[in-house]
1. Select from region 150-170 the residues that are in contact (Cβ under 8 Å) with a residue 24 or more places away in the chain and of a type in the set (Asp, Glu) and write down the one among them that is farthest from the ligand (Cβ to nearest atom).
2. Look through region 177-198, keep the residues that are surrounded by fewer than 20 Cβ atoms within 10 Å (Cβ to Cβ) and of a type outside the set (S, T, N, Q), and return whichever of them is nearest to the ligand (Cβ to nearest atom).
3. Quick check, is Ser139 within 30 Å of Ala86 (Cα to Cα), of a type outside the set (Phe, Trp, Tyr) and in contact (Cβ under 8 Å) with a residue 60 or more places away in the chain?
4. Checking the structure you have, find out if any residue of region 211-222 is modelled with pLDDT of 95 or more, more than 13 Å from the ligand (Cβ to nearest atom) and open to solvent by 30 Å² or more (accessible area, probe 1.4 Å).
5. Please find, within region 35-64, the residue that is surrounded by the most Cβ atoms within 10 Å (Cβ to Cβ) out of those that are under 13 Å from Ile102 (Cα atoms) and in contact with a His (Cβ under 8 Å, 6 or more places away or on another chain).
6. Take region 171-197 and flag every residue that is of a type outside the set (A, V, I, L, M) and without any contact (Cβ under 8 Å) to a residue 12 or more places away in the chain.
Amino acid sequence: MTAPLLDLNDGHQLPALGYGTYSITGPDAPGIIGEAIDAGYRLLDSAVRYENEAEVGEAVRNSSVPRDELVVTTKLPGGDHGFDEALRSCEESLKRLGLDRIDLYLIHWPQPPIDRYVETWKAFVRLREEGVVRSIGVSNFLPEHLDRLVDETGVAPAVNQVELHPYLAQTEQRAADASRGTLTESWSPLGRGSDLLERPELQQIADKHGRSVGQVVLRWHTQLGAVPIPKSANPERFRDNLAVFDFELDADDLATIGALDEGRRLGGDPVDEVQL
Ligand SMILES: NC(=O)c1ccc[n+]([C@@H]2O[C@H](COP(=O)([O-])OP(=O)(O)OC[C@H]3O[C@@H](n4cnc5c(N)ncnc54)[C@H](OP(=O)(O)O)[C@@H]3O)[C@@H](O)[C@H]2O)c1
């Protein structure tokens, strides 16, 4: 099974569900990521900060899946904000990946206290024009950060990857992204490190559909129109996570899951997160 494709605002497409690679590192990583590609994943999510661009690139290069069917994502780290810095950082990422193109390149955090994300974005626009990057986007950008990009460059991000799970449904952020033509991706879609997958309300919905709780949560993301990128290094679980496009949650299910929203962040806050 592969995920259906969604349209981006730049004419390219994105699989409706992808593979998170945070913490998949070391000698076994290319094999695990390669197995995920074999299982049907076409969107891969890496970052300089995950220290696994080389392993992701190796899996892509070794795969029998044609390069053009894969969407390789990486993210510019906080210490590389700035125009020249971003151009250099991109070159270094390409080298580590061992690829001649990044399919989706994201600014990892806006870092408003540093205030260099607009000039960084100008470099991203240049990189896209040069063709070394296919689609450009951001991560953890609040609506006001998106507005500055659009006001100062006229280019809205293709993607905004934000923390999103039933404890943090991001209703306003998703609406803000959509109104700018920006597709929302969900990080920590399964609520990593929380009790989300043990919630009895979710188990009941899973039992009703004959599915796992993980599948119910991931199906919820896709029905919201967001693109989840669950991470699993376990083949049974990563296969299960992708198999969510052959059932539908009903209005009652969606209301039950919607009631879990507490606006609870499990990760950093875009207002003050700085990762240099
Ligand atoms: N842009 C950002 O700032 C940002 C921040 C955080 C994450 N991310 C990206 O988002 C991806 C996903 O987020 P995440 O890794 O934080 O968390 P997540 O995908 O919500 O959860 C991952 C955890 O859930 C377990 N798991 C996976 N599938 C499962 C299932 N079906 N049932 C039960 N447990 C399951 C995994 O363990 P096993 O591996 O043992 O299965 C792992 O411990 C990351 O890998 C990364 O690519 C981006």
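The values are calculated or read from the model by the stated rules, or taken from the named source; none is laboratory data. Since the structure is predicted, the reported quantities are computational estimates derived from the model, not experimental observations. FYI the Cβ positions are ideal-geometry reconstructions off the backbone, even for glycines, and counts take in every protein chain you see. For accessibility, only protein heavy atoms count, side chains too; no ligands or nucleic acids. Shrake-Rupley method; radii C 1.70, N 1.55, O 1.52, S 1.80 Å.
1. This residue is Glu152.
2. Applying the filter and picking the extreme gives Arg192.
3. When the stated conditions are applied, Ser139 passes them.
4. No; the residues of region 211-222 include none that is modelled with pLDDT of 95 or more, more than 13 Å from the ligand (Cβ to nearest atom) and open to solvent by 30 Å² or more (accessible area, probe 1.4 Å).
5. Across region 35-64, the extreme among qualifying residues is Ala47.
6. Ser179, Asp195
Matching residues to (1) within 20 Å of Pro15 (Cβ to Cβ); (2) within 15 Å of the ligand (Cβ to nearest atom):
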| site | (1), (2) |
| --- | --- |
| Ser46 | yes, yes |
| Tyr50 | yes, yes |
| Glu53 | yes, yes |
| Ser64 | yes, no |
| Glu69 | yes, no |
| Thr73 | yes, yes |
| Pro77 | no, yes |
| Arg88 | no, no |
| Glu91 | no, no |
